[in-house]
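Have a look at the structure below, then the notes.
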C-alpha cells in the first residue's frame, strides 16, 4: 500500500504510479509544506517584458497551494498586467481598487466574508488571485501607504502572498511592494534579461539594509522560453549573483491562457517544485 505522502503526491501532481515518484519529490514536497509563524511575502520581479511574472507567480502559487498553504497572487501592476489573461475570474469581477475601497470592513474583527468578495479562486490549483485594476476603465494609481495597507490585509488571511511586481522598477508601487517582501524571486528567460536582473540585484545591494538582504537571498527562476534556447547559458550569467538558480524547461502548457499546473509535463512540474522548495528554505 502507498503511504499517505505518496498518495497525496499522486493526487496532487497527476502521477500515475508509485514508480513515477522519486524520493526527491517528497523531500522537496516536505520543504514546501513546512509552516512558518505568521505570513510570508515573495515579490516576483522581472525587469523586461520577455518573460512575464504572471506564469512564474502562478506556478509557484500552485505548488504551495497544492502542498497545503493558503496562497494569494497579487497583481501589483498599474498598467494592468497579463495575470488577468493568465488566471480564471470569479463572477464578481472585483480588482485591487475595489478591495482598497473596502479595507476597513474587510479587516474588521467581525467580518464574516473577509477578502472572498474581492479575490478570484483558482480552484484546480488551490490558490487565489487579487487582480489589478483595468487601466482601460479608469486611471488608478496606488500610493506607498495604500500598498502597505493592502499587504497587511492579505497577510491577515494568507500564509503566503506572492506579488507580481510588474516591470516598472521606478514606480512607487514597485518599491513599496518590494519593501514589504521577505524574499525576491527574479524571473528570467533570455541573456538580456539575465543582464538586467544582475543590474537590479546590484542596485538593491547599494540600497537600504532590507534591500541588501533581499538581493543576497534572491532566487532566480530561469524559464526556458523555447526549445531552441538553452537555459544553462542564461543561468550562468546569474552565478554568484542570486543565492539559488533554478531552471524550468520549456513547456507549451505554460505559454498561453489561464495557467493550470496539471497541463505541464512532469519535468516542468518537477522544476517548479524544486523552485518552490528553494523559496521555502529561505522563508523558514
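Peptide packing for 59-65, 176-182, 224-230, 274-280 was compared via the average number of neighbouring C-beta atoms within 10 Å per residue; ordered from the highest value, the list is 59-65, 274-280, 176-182, 224-230. For the chain, modelled as a GNM whose springs connect Cα atoms under 10 angstrom apart, the maximal fluctuation among 265, 110, 202 occurs at 110. Match the structure shown to one of the listed values (i) 162; (ii) 136; (iii) 273 of volume of the Cα convex hull per residue in Å³, computed from it, and give that label. Label (ii) holds the value from this structure.
Hey, what number do you get for the chain at 222 nm if only DSSP H runs of n ≥ 4 count, each worth -39500 (n - 2.57), divided across all residues, to the nearest 500? Before the final figure, lay out the partial values.
Numbers: 11 runs with 116 residues, N = 284.
Per the formula, -12000 deg cm²/dmol.
Reducing segment 235-253 and segment 184-230 to their Cα centroids gives an inter-centroid distance of 9 Å. Percent of C-alpha pairs per 10 Å bin in segment 129-281, short distances first: 10, 34, 37, 18, 1. Using a simple spin-label model with pseudo-atoms 7 Å out from Cα toward Cβ, residue 116 and residue 92 lie 0.9 nm apart.
Bear in mind that the values in this text are calculations on the coordinates, not laboratory data. All figures in this text were calculated on a predicted structure; none of them were measured in a lab. Neighbour counts are summed over all protein chains in view; Cβ atoms, including those assigned to glycine, are modelled from backbone coordinates with ideal geometry.
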